[in-house]
Every structure is written in C-alpha cells, then in structure tokens.
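The next block holds one structure in the form of structure tokens; read it before the comments.
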Amino acid sequence: MKCFWDDRQRAHAPGGEFFNGALHPAAEHPGRVDAILSAVDPTEAPSDFGLEPILRVHSADYVEFLRTAHDQWRDAGRDGDAFPYTFPVVGRRPLKLSRIDALLGQYSFDTSSPIGPGTWEASYWAVQTALAATDAVLGGERSAFALCRPPGHHCGKDYLGGYSYLSNAAIASEHAIATGRTRVAILDVDYHHGNGTQDIFYDRADVAYASIHAEPGTDYPFFWGHADETGSDEGEGATLNLPLPRGTDWSGYGAALTQALDWVESHQPDLLIVSYGADTYERDPISRFELKTSDYTPMARRIAALGLPTVVVMEGGYAVEALGANVAGFLSGF
Ligand code: OKP
Ligand code: ZN
C-alpha cells in the first residue's frame, strides 16, 4: 500500500489547548507522526495540487482568514498561538469584521484549535497529502494511506475546530467528483463524530457519510452525531450516525461496523474514503472506547472486503506509545 507524507505537516505545533477552564498540553502534536513514522514507512511525497481543490470545499474568505490569521494576531501585538474568546452563537451574518478577535470567533467553534505560525503550512500540506493518495487510487491503486495532520473531520466550509483546519477527507472526496467519479462514500471510524465532514455534505446525495463514534451525550463534539441526523434535502438518507456508549469494545464496535459497511455498500460508491482515527484504542488519553491493538487489522480487513478503491486518511489517535502499532496494524489489513 502506498503511504503518503509531507514533512511540512510538522509546522503546526500548538503550545496548548484550552478546556475545563485551563490550558493543557496539546493532544494533537507533531510527536504523533514520529510515533506513526516509527512503524509505517511512507515512500511517497505529494505534489502540489494548489488551492483549487481546497476552494471546492472551503469558502474563500475562510481560507484567507486561515492563511493570514497568525500574522494578524502578531500585528495586534500578541505572542504565541491565536485563540478565539467570543463566538457568534446567536447567528452569523455577513458583517465587515476586521478585529482579529472577531474573526477568530467567527471562524471557530471551540478553543481546542489554536492557530500558530505554521498552522496554515501544515494544514495545506495535509490536504496535498490526502489529494496525492486519492490521485493514486483514482489512477488504479487499490488503496493508499494519507498520513495527515492536523486532522480534518471537525472543520466545515468556513469554520475550524476539533484540531481541524482544512477538511482533508472532504477535499479528497470533492477532488474525486471533480475528476469524474459519480459517488463517494466516507466511512469515519475516529472516536469522535466528524461533524465538519457531515456538515459539508449534509444536503448532498453524491457523497455519503457514515460515522461510528462516541455518543454525543457524553463526548465531544456534543452537538452533532446523533442517530437522527440523517441528511437533508437531496442528501436525506445519505448520512448515517452510529453513536456508541463509552466502554464499547470490539464486540459492540464490530456490530456497528457491519451496519456501516452494509450501508456504504448500498450507496454503491466509486470510491471509499476512510477517516481513520486510532483514538478508539483502549488507552487513548482523551477517549473512552476499549479497542485493542489486535482489533485494528480485522477492522481494516472487513473494510477492505468491500472491494472498493479506498483512501485511508489519518484523523485522531493520541496514545503515542501505541499509535505506530495501531496505525500499522490497521494498514496491514489492506
Ligand atoms: C479530534 B479528533 C479534551 C477536549 C478536547 C477536542 C477533541 C478533538 C478530537 N478533553 N476536545 O476527532 O481526534
Ligand atoms: Zn477523534
């Protein structure tokens, strides 16, 4: 299996994330890729597909904000990473915002996703990595792995959050559609619901989104990922959410996976994108499922058994000591 990686993804190195009333060490840090690279050998570097595929998913004003936010933060005399502190939850409307603090609130939904000097560069190359892996599969490879960081499944067309800034999986999906595929399915097996990916394709039938994740009643991102979120308009029925309780182990997970795989198959996609998070692992520091390292190979085998051209895009996974084995185990199933 071809594995894609670009070293510029290390440029995002948040100093911390804010939750429970305090700044904590960032769970999503460059050490995660060191762990993965110790067990997986990425032989492929992405070429540069430019901004065009990004702008098929994200709004131009959001992209411009992300590209310049840290410079604006510095121009405002601030040190360190840029954080939002005020959010327009009562409704966003097209105001002419200029103050960096207003922009940060407008384009963020949480405080776990700081913008540092290298956030744009890393996010940009994460996207290019996902695009290169997708191109390989569209060109005939059965499967490919995109070692992406920061992850992407929480950010939307015009907002960041959940350690996500650009939607690697959504951009890869749109790239496949733009280059002639008719139907794409995204299977999201990260511990957290991929609210951003869901939001981007919620009203569309051509990109189906299925997710197995922790119940939003107990876990981040809280507001999305309920079983009754099934899509809207033309996309009605093209979203599937399978929330599972904390403590779920392979027996419970495997049953949900059967359901998700049947559903994916029924959509007859030309391409499958797997948003793979290793944070379902039993000792993940921010998650509460009970999967073991030995569960990832059978999990991947069952996905591979669909027989679809498949791009695996890296999302979360924070137990650094086991991350290499969990990712390598998963990939070996293909
Ligand atoms: C990103 B991905 C920590 C609160 C942090 C953010 C979680 C983002 C997960 N207790 N919340 O889906 O792995
Ligand atoms: Zn996650």
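The values are calculated or read from the model by the stated rules, or taken from the named source; none is laboratory data. All values derive from a computational prediction rather than experimental measurement. Here Cβ is always computed from backbone atoms with ideal geometry, including for glycine, and neighbour counts include all displayed protein chains.
Counting just the residues of the stretch 295-316 that are within 16 Å of ligand 2 (Cβ to nearest atom) and closer than 16 Å to Ser211 by Cα, which one comes out surrounded by the fewest Cβ atoms within 10 Å (Cβ to Cβ)?
Looking only at the stretch 295-316, we keep the residues that are within 16 Å of ligand 2 (Cβ to nearest atom), and these are 296, 299, 312-316.
When the remaining residues are screened for being closer than 16 Å to Ser211 by Cα, the result is 299, 312-316.
Working: Met299: 21, Val312: 31, Val313: 33, Met314: 33, Glu315: 30, Gly316: 30.
Selected residue: Met299.
Determine which member of the set Asp199, Asp228, Asp206, Asp219 is near ligand 1 (Cβ under 10 Å from one of its atoms) and either touching a residue at least 60 places away in the same chain (Cβ under 8 Å) or among the charged types (D, E, K, R) (or both). Steps first, please.
Details: Asp199 fails: near ligand 1 (Cβ under 10 Å from one of its atoms); Asp228 fails: near ligand 1 (Cβ under 10 Å from one of its atoms); Asp206 fails: near ligand 1 (Cβ under 10 Å from one of its atoms).
Answer to the check: Asp219.
When you scan the stretch 124-160, how many residues do you find that are in a helix (DSSP H, G or I), closer than 20 Å to Ile200 by Cβ and aromatic (Phe, Trp, Tyr)?
Count: 1.
Would you check which residues across the stretch 4-48 are modelled with pLDDT of 95 or more and of a type in the set (Ser, Thr, Tyr) and list them?
The answer is Ser38, Ser47.
Please go through the stretch 148-166 and give me each residue that is in contact with a strand residue (DSSP E or B) (Cβ under 7 Å, 6 or more places away or on another chain) and more than 16 Å from ligand 2 (Cβ to nearest atom), ordered by number.
The first filter runs over the stretch 148-166 and keeps only residues in contact with a strand residue (DSSP E or B) (Cβ under 7 Å, 6 or more places away or on another chain), leaving 148-155, 159-161.
Matches in the stretch 148-166: Tyr159 only.
For the stretch 283-294, check the following and say yes or no: at least one residue is buried (at least 21 other Cβ atoms within 10 Å of the Cβ), farther than 18 Å from Val40 by Cα, within 12 Å of ligand 2 (Cβ to nearest atom) and aromatic (Phe, Trp, Tyr).
yes
I'm checking my understanding of the structure. Among residues of the stretch 270-294 that are under 10 Å from Asp190 (Cβ atoms) and part of a loop (DSSP other than H, G, I, E, B), which one is nearest to ligand 1 (Cβ to nearest atom)?
Gly277
Residue check: is Ile186 at pLDDT 95 or above, more than 12 Å from ligand 1 (Cβ to nearest atom), part of a strand (DSSP E or B) and in contact with a Phe, Trp or Tyr (Cβ under 9 Å, 6 or more places away or on another chain)? Can you show your working first?
Details: at pLDDT 95 or above: yes; more than 12 Å from ligand 1 (Cβ to nearest atom): yes; part of a strand (DSSP E or B): yes; in contact with a Phe, Trp or Tyr (Cβ under 9 Å, 6 or more places away or on another chain): yes.
Yes.
Out of (1) in contact with a strand residue (DSSP E or B) (Cβ under 6 Å, 6 or more places away or on another chain); (2) surrounded by fewer than 20 Cβ atoms within 10 Å (Cβ to Cβ); (3) of a type in the set (Gly, Ala, Ser), the odd one out for Ala76 is which?
(1)
Could you pull out the residue among Ala169, Ala130, Ala176, Ala144 that is touching a Leu at 6+ places or on another chain (Cβ under 6 Å) and in contact (Cβ under 8 Å) with a residue 24 or more places away in the chain? I'd like the intermediate steps shown before the answer.
On the way: Ala169 fails: touching a Leu at 6+ places or on another chain (Cβ under 6 Å); Ala130 fails: touching a Leu at 6+ places or on another chain (Cβ under 6 Å); Ala144 fails: touching a Leu at 6+ places or on another chain (Cβ under 6 Å).
So the residue among Ala169, Ala130, Ala176, Ala144 that is touching a Leu at 6+ places or on another chain (Cβ under 6 Å) and in contact (Cβ under 8 Å) with a residue 24 or more places away in the chain is Ala176.
Name, by its number, the condition in (1) touching a Gly at 6+ places or on another chain (Cβ under 6 Å); (2) part of a helix (DSSP H, G or I) that does not hold for Ala39.
(2)
Given (1) touching a Leu at 6+ places or on another chain (Cβ under 9 Å); (2) surrounded by fewer than 24 Cβ atoms within 10 Å (Cβ to Cβ), where does Thr182 come up short, assuming only one miss?
If we test Thr182 against (1) touching a Leu at 6+ places or on another chain (Cβ under 9 Å); (2) surrounded by fewer than 24 Cβ atoms within 10 Å (Cβ to Cβ), just (1) comes out false.
Sort through Ala169, Ala144 and tell me the only one that's within 16 Å of ligand 2 (Cβ to nearest atom) and under 16 Å from Val274 (Cβ atoms). Walk me through how you get there before you give the answer.
On the way: Ala144 fails: within 16 Å of ligand 2 (Cβ to nearest atom).
None of the others qualify; the one that does is Ala169.
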